[in-house]
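Here the structure comes first, spelled out in structure tokens, and everything after it is commentary.
The values are calculated or read from the model by the stated rules, or taken from the named source; none is laboratory data. Just so we're clear, the structure is a prediction, and the values are computed from it rather than from any experiment. Neighbour counts run over all protein chains shown; Cβ positions are idealised from the backbone, glycine included. All accessible areas refer to the heavy atoms of the entire protein, side chains included, with ligands and DNA or RNA removed. Shrake-Rupley method; radii C 1.70, N 1.55, O 1.52, S 1.80 Å.
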4 protein chains.
Amino acid sequence: MRAMRIGVLTSGGDCPGLNAVIRSVVHRATVDHGDEVIGFQDGWKGLLECDYRKLDLDAVSGILALGGTILGSTRVRPEHLRDGAERAKGHVAELGLDAVIPIGGEGTLKAARLLSDAGLPIVGVPKTIDNDIASTDVTFGFDTAVGVATEALDRLKTTAESHQRVLIVEVMGRHTGWIALHSGMAAGAHAIVVPERPFDIEELARTVGERFEAGKKFAIVVVAEGAKPREGTMDYEAGGKDVYGHERFAGIAHHLSVELERRLGKEARAVILGHVQRGGTPTAYDRVLATRFGWHAVEAVHRGEFGTITALRGTDIGLVPLSAAVERLKTVPAERYAEAECVL
Amino acid sequence: MRAMRIGVLTSGGDCPGLNAVIRSVVHRATVDHGDEVIGFQDGWKGLLECDYRKLDLDAVSGILALGGTILGSTRVRPEHLRDGAERAKGHVAELGLDAVIPIGGEGTLKAARLLSDAGLPIVGVPKTIDNDIASTDVTFGFDTAVGVATEALDRLKTTAESHQRVLIVEVMGRHTGWIALHSGMAAGAHAIVVPERPFDIEELARTVGERFEAGKKFAIVVVAEGAKPREGTMDYEAGGKDVYGHERFAGIAHHLSVELERRLGKEARAVILGHVQRGGTPTAYDRVLATRFGWHAVEAVHRGEFGTITALRGTDIGLVPLSAAVERLKTVPAERYAEAECVL
Amino acid sequence: MRAMRIGVLTSGGDCPGLNAVIRSVVHRATVDHGDEVIGFQDGWKGLLECDYRKLDLDAVSGILALGGTILGSTRVRPEHLRDGAERAKGHVAELGLDAVIPIGGEGTLKAARLLSDAGLPIVGVPKTIDNDIASTDVTFGFDTAVGVATEALDRLKTTAESHQRVLIVEVMGRHTGWIALHSGMAAGAHAIVVPERPFDIEELARTVGERFEAGKKFAIVVVAEGAKPREGTMDYEAGGKDVYGHERFAGIAHHLSVELERRLGKEARAVILGHVQRGGTPTAYDRVLATRFGWHAVEAVHRGEFGTITALRGTDIGLVPLSAAVERLKTVPAERYAEAECVL
Amino acid sequence: MRAMRIGVLTSGGDCPGLNAVIRSVVHRATVDHGDEVIGFQDGWKGLLECDYRKLDLDAVSGILALGGTILGSTRVRPEHLRDGAERAKGHVAELGLDAVIPIGGEGTLKAARLLSDAGLPIVGVPKTIDNDIASTDVTFGFDTAVGVATEALDRLKTTAESHQRVLIVEVMGRHTGWIALHSGMAAGAHAIVVPERPFDIEELARTVGERFEAGKKFAIVVVAEGAKPREGTMDYEAGGKDVYGHERFAGIAHHLSVELERRLGKEARAVILGHVQRGGTPTAYDRVLATRFGWHAVEAVHRGEFGTITALRGTDIGLVPLSAAVERLKTVPAERYAEAECVL
């Protein structure tokens, strides 16, 4: 097998495990295949502007357990990338790259598909703390996010119980409720509110109220940031759009605390965990998954299986076409709600 | 030494270590002195309404590392308590109590003083995550709160660095900046904003801006919930008062993120840790301190040193008169700012 | 669907998540089906001696995140159980039980099969921190064990680096190297020694030695407790057998540290994590998996699918015949070694 | 105040917080005083061999929460250092150093005193996870060690309870029982065995046995590595001496588990935490203390207060003469045993 030159980049929001993928790509490629690896700075921007640096073993020493990404990451608007496809191809040719391994979420993989269709040799690595990519059982980062949220919920439970409160905890999840579902199940939340099921504030108040009537002294509600009221049931407007066209989510927990306090006559407080969920040391689970993804991405490159992403299926890592990867969002299926007992 | 009957209660906001004090009181009193201990339910309310239960070794088994308080806690309005002093004395006599050990913060200790002055035999145990009680070096709960905030800051640092952001993290501290100072020092924050020093938003923006100009890619600002702008420098109004007359603090971090984003042209995000800081398992430090406080409170009772609270001085636990305990708030002294290098 | 009576028991070594299963069984059965649940005390012993207690919602309140098992667990010798099968059937009939849900590892499931073959209506829940049950992708407890080991390895790495040492860390795993493999990958160990591959001490010393020759200042070796030297390569005898006929594993790390120190002339130290890996709060991952197993076990009971165990396949929970469950041990397959780069 | 040149070094065993001191020295010295700081490699060895590197802000970026020491550390034999005093003075003169700040434990401070007496301008920073330096209330590293041990004990408690075991947990502490005392108190251990009080194995067995007789199902014993049996009560020999003349402690927990199992007829298991206690991320408490020590060491240098070490007294950092610092070991005083209730 001949030695290759591989470019790697990280794009999109932060996600614990990015550095573990980078490290794994460099280890597998350089130690086992004698490849050279370069890292583009700040995501696609680095590819478009040919801003990169060499990644050898020293460059990735000590980063396995480190949050963030040593390569940096910026968001690039899709149209920007479309216009830049030829430029990207030019840089890849110039640098003599045999492959590019972008590590990123839904947006990144869409961009990857676009560049792949334009002829670039790409093997993607899926990344999202939200766990909403359909073609893989799990993505790294999710377990860490769930762990951080669960630890916070564990702490909040004792304080809510002693002080007779309703606590509404907002976790990440713009379009899907995976983090809310898993952290809520793990911590034994009393209600879980997810984007897949627009909620009825009266029903939520009733559920929480029944708990108090049954003699319980507190309630914990987990709500995904993207959760929305069923139309016509509550005044609520999410926070507009940011410069990339994403809706700005913020504050559903605040709204719920006001609404529940009013309806129940119990002190209700909001906790918004925010970026704590996507930073810092990845769990062992995420480090292992990220390491395996990196390893298999390099193997795919050496086998020439381009236009794909790595994916976990059961206990095995396989490849899935980029086209399939971005087809649809993986939402929480109805049968999973039943298991949690408390998804409204 | 004759066996006694002791009542214990927890009052005020939650604080990791309350259960450790209760357990320690029960262990020391029952095992070593042959005393009987009862626990009043829900703070002063339990004393006023004679709502209590027996606390033996079984009742406190397994609670050492548990957050919250097995006795519950509610806030009682001071005037309510003043009116109830005679009732309280009546219950203490009725129950044959030799002493009451209230565990609580500033408000609780003020109430304790009032009842002590009215003739009740009281040894208080100071409690506040804010660390603002002047007569003791430290209070339990503070170390846990600082630990929780620091862990969050550690996580946020990597994500802020990779994604070129300003993160504003709001920690607890209504009147004092101890949690902000210690967590900010522990995590290496780039600016710490405390209630003791009203801030100038322009100066804060300048400090953060200089960091970016020096080539750094992110900044972490820690702000105590009670921080306020220097008069005339920024529009800001805290959130009104709650039913107990406390100001409702919320959202200074949101205000700062908007103001800094506007001034710096950098993405700024707020994280509000809220009650996570006051719930859950106490650190080893807080468990040891709480256990020692409980032990010494029982000893003080047996020596008849009433009208006092336990206090840490260096490595020793001593007693301080209740009158001195509530005289003034312990604010962060100026020389401590210097050590942190980044308190504005 | 008619309401049922279900007995549940926990058997074998400790495993984080046992209480989460018990809680889930009770919640699903009582809340959703109106069943009654009883818990047998101390595993099979409780069934044989008809020692049990009622498990209602109150009995399982607050146990989701608790390590250990509220039902207790003892080991029972297989022959003891064989002789007791009729007695067990008698008790099940006497108590009017529609099903028994034993939660346990390989030994427990073998016993379960025996009783199932004897006619008892059984749905088992597999449990082992070792992750060596072939019919399920993962077992709960494994993630927690790996997490605990990884956290220790993270701590040891910095100290080994600063102080120029070889650290040999012994983790659990009598017959399989799953914990060693995952924690070693997660922490970036430099050598991983597993029971599946008897090691050659010379080769191990050479691997570690090459690291030092390459200028590195430390090395971390993870070794599963059941690892053994390739025949004839090193004097080593595991510690005999305990009363249940299990080999007593202990000390392979001590042996390795002596052997490596002698061969390399570098200070080598052993760390033996022991039972810390199987106690305490389960990770969020394990709590979710345990909760799902409990839920599906109850469903299987109501559908009458006896003689089975719950099993994770990808993201779904299914059922597997008891006969298949105990057929063979799931060992680490060769292709997984390659991913870790450092399994000897 | 004129700018200075300061040398810093770390010596002795590992201790969480070393990097925080180094960082603090560099920050305070360079940012606030315009000093230059150099770091000697591998402790006194670096000073003797003039092996050093420049430490600017970049060199200490990101190390605040990092375990270990970026400067490395080796042990040097005292006689080696005595002979090298002139050489050290020569290097200090050559490098134009105004001061040397050694960070280390008892041995390091003795060496520091020797060099200080020989005329070197020294301000030491005390360091030991054992907390046995008499002139300071606490040393950094201790809180982290106690925290790690307590977390392990918390985990072990649930597993011991469910499985009816005696667990003997060996923690660090060669000459003093501080870590055993604090972690044992924090976790609610049932017996704490410390070097200050040679133990009687019969008495220990009786204490543990009484617990079982009272119906309890498990017991946790914490033992400091340096604990020794009262003369004539048990065969036990610690492991000889290492190359530096330190006794090699290892295995008291193993001995106790064998002895207790034999006497009580209960399964007893040993857990030896070892170096996990001295590696990895320091707690917030230790980071703050280490940072303050570094800051005050620089101030002392600028005030010319040489021949001293920094020391915590209550909430203040002061200076203590080197001569006083190494006079005697701070052992656990008898009145502290009483508070723990279970020190034999």
Looking across region B:116-127 at residues that are at pLDDT 95 or above and of a type in the set (A, V, I, L, M), the single one that is surrounded by the fewest Cβ atoms within 10 Å (Cβ to Cβ) is B:LEU120
Residue pairs within 9 Å by beta carbon, gap of at least six or interchain, first lying in region A:261-275 and touching a residue at least 40 places away in the same chain (Cβ under 8 Å), second aromatic (Phe, Trp, Tyr), listed first then second, are A:LEU264/A:PHE212; A:LYS266/A:PHE212; A:LYS266/A:PHE218
Counting only residues in region D:330-344 that are closer than 17 Å to B:ARG292 by Cβ and assigned to a loop (DSSP other than H, G, I, E, B), the one nearest to the chain's Cα centre (by Cα) is identified as D:VAL332
Within region B:131-166, of all residues that are in contact with a strand residue (DSSP E or B) (Cβ under 9 Å, 6 or more places away or on another chain) and acidic (Asp, Glu), the one modelled with the highest pLDDT is B:ASP137
Picking from C:GLU225, C:GLU203, C:GLU247, the residue that is at pLDDT below 90 and more than 17 Å from C:GLN164 (Cβ to Cβ) would be C:GLU247
Filtering region A:11-36 down to residues that are buried (at least 24 other Cβ atoms within 10 Å of the Cβ) and away from chain B (no Cβ under 14 Å) yields A:ARG23, A:SER24, A:VAL25, A:VAL26, A:ARG28, A:ALA29
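Quick grid of which residues meet (1) among the acidic types (Asp, Glu); (2) under 27 Å from B:GLY147 (Cα atoms):
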residue: D:PRO121; (1), (2): no, no
residue: D:LYS127; (1), (2): no, yes
residue: D:ASN131; (1), (2): no, yes
residue: D:THR139; (1), (2): no, yes
residue: D:GLU151; (1), (2): yes, yes
residue: D:VAL166; (1), (2): no, no
Checked pairs for region C:321-344, first closer than 10 Å to C:ILE133 by Cβ, second outside any helix (DSSP H, G or I) and open to solvent by 40 Å² or more (accessible area, probe 1.4 Å), C-beta under 6 Å and 6 or more apart or across chains, list as C:LEU329/C:HIS175
Before we move on, is A:ARG75 touching a residue at least 24 places away in the same chain (Cβ under 8 Å) and out of contact with any strand residue (DSSP E or B) (no Cβ under 9 Å at 6 or more places or on another chain)? yes
Note on region B:136-180: residues within 10 Å of chain A (Cβ to nearest Cβ), touching an Asp or Glu at 6+ places or on another chain (Cβ under 6 Å) and surrounded by fewer than 24 Cβ atoms within 10 Å (Cβ to Cβ) are B:ARG165
Matching residues in region B:260-286 (assigned to a loop (DSSP other than H, G, I, E, B) and open to solvent by less than 50 Å² (accessible area, probe 1.4 Å)) number 5
By residue number, the members of region A:174-199 that are assigned to a loop (DSSP other than H, G, I, E, B) and closer than 13 Å to A:VAL343 by Cβ are A:THR176, A:GLY177, A:ALA189, A:HIS190, A:VAL194, A:PRO195, A:GLU196, A:ARG197, A:PRO198
Filtering region D:330-344 down to residues that are open to solvent by 40 Å² or more (accessible area, probe 1.4 Å) and of a type in the set (Val, Ile, Thr) yields D:THR331
With criteria (1) within 14 Å of chain D (Cβ to nearest Cβ); (2) in contact (Cβ under 8 Å) with a residue 40 or more places away in the chain, C:LEU204 comes up short on (1)
For B:ILE101, the lone unmet condition from (1) among the β-branched types (Val, Ile, Thr); (2) farther than 30 Å from D:ALA284 by Cα; (3) open to solvent by 10 Å² or more (accessible area, probe 1.4 Å) is (3)
By residue number, the members of region D:252-276 that are touching a strand residue (DSSP E or B) at 6+ places or on another chain (Cβ under 8 Å) and more than 8 Å from every other protein chain (Cβ to nearest Cβ) are D:ILE252, D:ALA253, D:HIS254, D:LEU256, D:SER257, D:VAL258, D:LEU260, D:GLU261, D:LEU264, D:LYS266, D:GLU267, D:ALA268
Here the residues within region C:217-227 that are out of contact with any Asp or Glu (no Cβ under 6 Å at 6 or more places or on another chain) and either free of Cβ contacts under 8 Å to residues at least 12 places away in the same chain or not in a loop (DSSP other than H, G, I, E, B) (or both) are C:ALA219, C:ILE220, C:VAL221, C:VAL222, C:ALA224
Of the residues in region B:45-57 that are hydrophobic (A, V, I, L, M, F, W, C) and surrounded by 14 or more Cβ atoms within 10 Å (Cβ to Cβ), the one that is nearest to the chain's Cα centre (by Cα) is B:LEU47
Considering region C:128-159, residues that are charged (D, E, K, R) and part of a helix (DSSP H, G or I), and then whichever is nearest to the chain's Cα centre (by Cα), we arrive at C:ASP143
Subset of region B:97-122, residues under 17 Å from the mean Cα position of the chain (by Cα), closer than 22 Å to B:HIS302 by Cβ and outside any helix (DSSP H, G or I), comes to B:PRO102, B:ILE103, B:GLY104
In region A:58-92, anything at pLDDT 90 or above, open to solvent by less than 80 Å² (accessible area, probe 1.4 Å) and away from every other protein chain (no Cβ under 14 Å) is listed as A:ALA59, A:ALA85, A:ALA88, A:LYS89, A:GLY90, A:HIS91, A:VAL92
### Query
Hey, any hits in region B:245-253 for a residue that's outside the structural domain of B:ILE129 (by TED's automatic domain parsing) and buried (at least 24 other Cβ atoms within 10 Å of the Cβ)?
yes
Going through region C:287-329 in order, the residues found to be more than 9 Å from chain A (Cβ to nearest Cβ), assigned to a helix (DSSP H, G or I) and open to solvent by less than 30 Å² (accessible area, probe 1.4 Å) are C:LEU289, C:ALA290, C:PHE293, C:GLY294, C:ALA297, C:VAL298, C:GLU299, C:ALA300, C:VAL301, C:HIS302, C:LEU322, C:ALA325
Can you find a residue in region D:195-216 that is buried (at least 21 other Cβ atoms within 10 Å of the Cβ) and within 22 Å of C:ILE70 (Cβ to Cβ)?
no
